[in-house]
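I have placed the structure first, in the form of structure tokens, so that the comments after it can refer back to it.
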Amino acid sequence: MRSSTSSTPFSIREFDLPDETASTQPLLEVDDLRVSFATRGGVVQAVDGLSLQVGRREVVGIVGESGSGKSVAMYSLLGLVRDSNVTITGRVRFEGRDILGLPDQEMRSIRGHDIAMIFQDPMTALTPVYNVGWQIAEQIRAHGTATKQQARTRAIELLGEVGIPDPARRIDQYPHEFSGGMRQRVVIAMALSCNPKLLIADEPTTALDVTTQAQILDLMSTLQDSYNSSIVIITHDMGVISEMADRVVVMYAGRPAEIGAKRDVIRSPRHPYTWGLLGAVPRVESKRSRLVTIPGTPVSPLDVPAGCAFGPRCDYRFDACSERPALRGDGGHQDACWLDERQKVAIRQRVESSIGSENAS
Ligand SMILES: Nc1ncnc2c1ncn2[C@@H]1O[C@H](COP(=O)(O)OP(=O)(O)OP(=O)(O)O)[C@@H](O)[C@H]1O
Ligand code: SF4
Ligand SMILES: [Mg+2]
């Protein structure tokens, strides 16, 4: 959870459901999730053995390049991947209940009551032909017993909570009358209308300018405090992870490359792909140190190499890498790389000192 200096507003969930926050059972448990699509070109293994847990009030960041399976993983566990060519296996439990493969109606109820989704493009969630007040109120009425007037009053409150000025007037405006950042605030209001236990946000700030991005992240943190929600935030940006997340899952080619507490992953990253994402590890053969992007291009999902999927882009690969590495590690910090800890520490130190000498020169 992001540290915030702003005061925490009154929280409904805090007072209604004290037992939940005391519980130690994870809110969401994903175990060996695999999602594949049968396509003309072959089988696309979009998610290939993802396991993760989301605790209560925890913010988990899922980070990786385009095509690494971040969205498909989350959409499939919510029952939002319905293609006839898809195969989904594994186990997903929400509050201890198996939810993978539940009938549509039950999944809709979970999505409306307990889990809310925020998409990258607010227009995915908003209909252009209805005013925003109607859309939020409908959402409230669909999942509760509120009257039209009560739903409208709550919708105005929600718009105020997400920082829309003059909400009683703006509630009757249409999505196109809002800026991109304001539209994303409306979508957040809509997501919060069911007081969700879990909020899944898929690149919620990518389409926004830097200042608005920071404001939306701030807003999500503040609201997370007041609603006591857990958040899964999907991003390709380590900056967002460092701002928001308690824990991080780094994904590559549908597989978890590294999982750990944010401070561990950012301070002591263990996987060469994470080093690349952090942009702080120059190529070993470079004489001059400089911050680099990850060499090569993301792997084609139709042509994932045998062994370590990151192998073709990895400067440190060696013989063992022709076998697929499993996640291993201590405590909550795990990575899927054959290098041993001593080698990783040595590489990191070498790089840090070369960055230091470059900065000094
Ligand atoms: N319906 C589908 N049929 C075939 N392949 C698909 C389908 N949906 C997704 N994929 C493939 O699954 C892989 C993972 O896609 P996903 O959208 O999860 O990536 P992502 O990590 O969210 O990327 P981005 O950052 O671009 O949003 C990609 O290679 C994508 O092309
Ligand atoms: S397993 Fe080998 S190829 Fe893969 S990241 Fe580690 S060193 Fe690189
Ligand atoms: Mg995506």
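For the chain, relative contact order (Cα pairs under 8 Å, six or more residues apart, normalised by length) works out to 20 percent.
Residues whose amide H lies under 5 Å from that of Ser51, counting only those 5 or more places away or on a different chain, are Asp32, Leu33; hydrogens are built 1.01 Å from N in the peptide plane.
Remark: Lys197, Lys148 ranked as Lys148, Lys197, counting other beta-carbon atoms within 10 Å and listing the fewest first.
Considering only beta bridges that DSSP places wholly inside the chain, some 65 percent are antiparallel.
For q = 0.22, 0.28 Å⁻¹, what log10 I(q)/I(0) does the stretch 228-282 give under the Debye formula with an equal point scatterer on each alpha carbon and no solvent? Reported log10 I(q)/I(0), two decimals: -0.82, -1.31.
The calculated FRET efficiency for Ala306 paired with Gln105, based on their beta-carbon distance and R0 = 45 Å, is about 0.60. Computed with the Debye formula from one identical point scatterer per Cα of the chain, without solvent, the log10 of I(q)/I(0) at q = 0.11 Å⁻¹ comes to -0.79. Percent of Cα pairs in the stretch 199-346 per distance bin of 10 Å, from zero to the largest separation: 10, 36, 34, 16, 3, 0.
Relative to the current alpha-carbon distance between Asp319 and Asp218, full extension at 0.36 nm per residue lengthens the span by 31.8 nm.
Put a plus charge on the Cβ of each Lys and Arg, a minus charge on the Cβ of each Asp and Glu, and nothing anywhere else: the dipole of the chain about its Cα centre is then about 400 debye. Membrane-span-like helices in the chain, defined here as complete DSSP H runs extending at least 24 Å along the helix axis by their C-alpha atoms with mean Kyte-Doolittle hydropathy no lower than -0.5, are 210-227; this is a sequence and geometry rule, not a statement about a membrane. Taken as Cα centroids, the stretch 161-184 and the stretch 71-94 sit 32 Å apart, rounded to the nearest whole angstrom.
The numbers here are math on the coordinates, done by the rules we state, and not lab data. Predicted model only: the values in this text are computed from it and were never measured. Every residue, glycine among them, receives a Cβ derived from its backbone with ideal geometry; neighbour counts consider all protein chains shown.
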